[in-house]
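The structure appears below as structure tokens.
The values are calculated or read from the model by the stated rules, or taken from the named source; none is laboratory data. Given the structure is predicted, the values throughout are model-derived calculations rather than measurements. Ideal geometry is used to build each Cβ from the backbone, glycine not excepted, and the neighbour counts take in all protein chains shown. These accessible areas exclude ligands, DNA and RNA; they are computed on the full protein's heavy atoms, side chains included. Shrake-Rupley method; radii C 1.70, N 1.55, O 1.52, S 1.80 Å.
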Amino acid sequence: MELHQSVSPGFLIGGGTMGELMRTKDWSKSSLGEPESWPNTLKILVSIILNSQFPMFVWWGPELITFYNDSYISIAGEKHPSLLGRSGKQAWSEIWDVVGPLADTVMKEGKSTWAEDQVLYINRKGYTEETYFTFSYSPVIDEAGQVKGVFCACTETTNKVLSARNIEESERNLRNTILQAPVAMCIMRGENFIVTIANDRMLELWGKTAKEMLHKPLFDGLHEVKNQGFEELLEKVYREGETIAADEREVLLPRGDSVVPIFVNFVYEPFRDSNGTITGVIVVAIDVSEQVLARKRIEESEQQLQQRVSERTKELEKMNIELVRSNANLEEFAYAASHDMKEPIRKIHFFADRLKEHLSEKLDDNDKRLFERMENASRRMGALIDDLLLYSHISKSSTVRENVDLNQKVSLVLIDLELEIEEKKAKIHIGELPKILGYRRQLQQLFQNLISNALKYHKPGQAPEIEISSVVVEGKDTGLDLSGEAAKRSYYLVQVKDRGIGFEQKYAEKIFNVFTRLHGNAEYRGTGVGLSIVRKVMENHNGFVRAESIPGEGSIFKAYFPIP
């Protein structure tokens, strides 16, 4: 940027918040002196910046002294107005290793540079956060042709980058769900129904290879199903957004060198993007040919059925159970693809009870064990969904904080866990806990998970013993990797200590990840989400959590709440 005009001192600083601040600031300690003595180039540049509606700033002179406008205040955050008049390195020390070399290059070589969606870990709200910016650096050249400073126009793109990342992660999760589904699933995009994702079960149902089907229009790769009525069904779903389901639909599909009739249960569901626009069709299907053909053979002759009823009864019961289970899986994954995972679990419980009641006189001990295993599995899935929903809810922190007495929260948790505590004869010692400003329900969930965790992982044959206490510690004494203001703050350290089975210290960070479990489901039941919720609650309170443990001696979970 080149400026070769002269300007009067009166044109130096415009009105508005930053203009007023510029006029009243004491520049006597600055190497620049009072504004009246500044070079014309700086006067013009500051005037332009102050009157711009776009976030701008300039670093001036060898020290790169900072000037910026009102639009930049939201970027500066809590650092405003202390940034004004400070050197760039002092103002943004935490990111200077990234932006400093760029500014030095502009000053030395007089060439502009820019960056798009540059990640910067800045501290503008009292803690370090991951942000993204698109910005340009340009040299400021005075009347003598010398580079005197660096001019920057910038815009924050954090929301855009994180939104794109979330969409990418959602698509990856959906892809993994489809590939690992126990039923045939695929996604077809566009009006030509191009197969973008298909799991092995769907390819097996089609009688095709991935090379023959993926990234091709459905009816090009699977020409055998043309003119069987599926084109019209898919068009209706894609054009009108209507869900279509069918049971025992006959379709001619390739098997080896021939085309044979196959019977399928399927659901066609419109696939929508983040804006709700239909971009394709998601298909869930189950091959029920064996069940259908078996039933038809039986229906062909009542007399034949009577002759074989004794030897076929158990086989039919098993086939019917598998059919119900397959249909339940079909509904479960169709709804999961539509972001509704609670309803299928409810239906599994309902239909299992109905079927068990209907077949109660025909079930042997093995059948009953199968029903019990199915019910246990659905309960575990329900618990996992509940935990994931809770984790998702806690991830979206409330905006209203209250004064919360942690003693009351722990008391409520102990009431909820009263039966388990009595059953295990647990001893729980509670010290005086602080009152903090936080989210009431989240804090109760934090103690619910920590105390439940301590009760669960006790030593076999020994009653659990849990100690809950609190002290005040300084940031520098926490043992955490803190810097800046975080290291200078005081914290309420709330500890939940047990004398359970413990774990290797090398897993101390891993246990806070979603779905991480150090022990098998047969030993200790759980979903692997509880401690992830604990960490998320602490993050929502701008705090920290860590774990210390020795195998066979127990564990200590330490929660650090910042003191205002």
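Using θ = phi - 60° and the Karplus form 6.51 cos²θ - 1.76 cosθ + 1.60, what ³J(HN,Hα) does each residue of segment 171-180 get, whole Hz, x for Gly and Pro?
Listing the rounded values in order: 5, 5, 5, 4, 4, 5, 4, 5, 5, 9 Hz.
So for the pair Lys111, Thr277, with labels modelled 7 Å out along Cα→Cβ, what separation do we get in nm?
Distance between the two pseudo-spin positions: 4.0 nm.
Taking amide H positions as placed 1.01 Å from N in the peptide plane, with prolines and chain starts having none, which residues 5 or more places from Thr157, or on another chain, fall under 5 Å of its amide H?
Tyr132, Phe133, Thr134
For labels at Asp365 and Asp104 in the simple 7 Å Cα→Cβ model, what's the distance in nm?
Inter-label distance under the simple model: 8.0 nm.
Scan around Leu359 for amide H atoms under 5 Å from its own, H built in the peptide plane at 1.01 Å from N, and keep only partners 5 or more places away or cross-chain.
For Leu359, whose amide H was placed from the backbone, there are no distant partners under 5 Å.
Report, by chain and number, residues whose modeled amide H sits under 5 Å from the one on Lys459, excluding near sequence neighbours (fewer than 5 apart, same chain).
Ile501
Mind checking which aspartates and glutamates have their Cα closer than 19 Å to the Cα of Lys43? Skip sequence neighbours fewer than 8 apart in that chain.
List returned: Glu2, Glu20, Asp26, Glu34, Glu63, Asp70, Asp142, Glu143.
Under a plain spin-label model, where a point goes 7 Å from the Cα along Cα-to-Cβ, how far apart in nm are Glu235 and Gln53?
According to this spin-label approximation, the distance is 4.9 nm.
Please give the FRET efficiency for His429 paired with Asn176, using the beta carbon to beta carbon distance and R0 = 35 Å, rounded to the nearest 0.05.
Given R0 = 35 Å and the Cβ-Cβ separation, E is 0.20.
Roughly how many Å² of Glu432 are accessible to a 1.4 Å probe, to the nearest 10?
Approximately 140 Å² of Glu432 is accessible to the 1.4 Å probe.
Hey, how many Å between the Cα centroid of segment 185-262 and the Cα centroid of segment 410-482?
Each part reduced to its Cα centre gives a spacing of 54 Å.
Taking θ as phi - 60°, what are the ³J(HN,Hα) couplings along segment 278-285 by the Karplus curve (6.51, -1.76, 1.60), each to the nearest whole Hz, with x for Gly and Pro?
In residue order, the calculated couplings are 6, 10, x, 9, 9, 10, 10, 9 Hz.
Using a Förster distance of 60 Å, how high is the FRET efficiency between Glu290 and Gln90, based on the Cβ-Cβ distance and rounded to 0.05?
0.20
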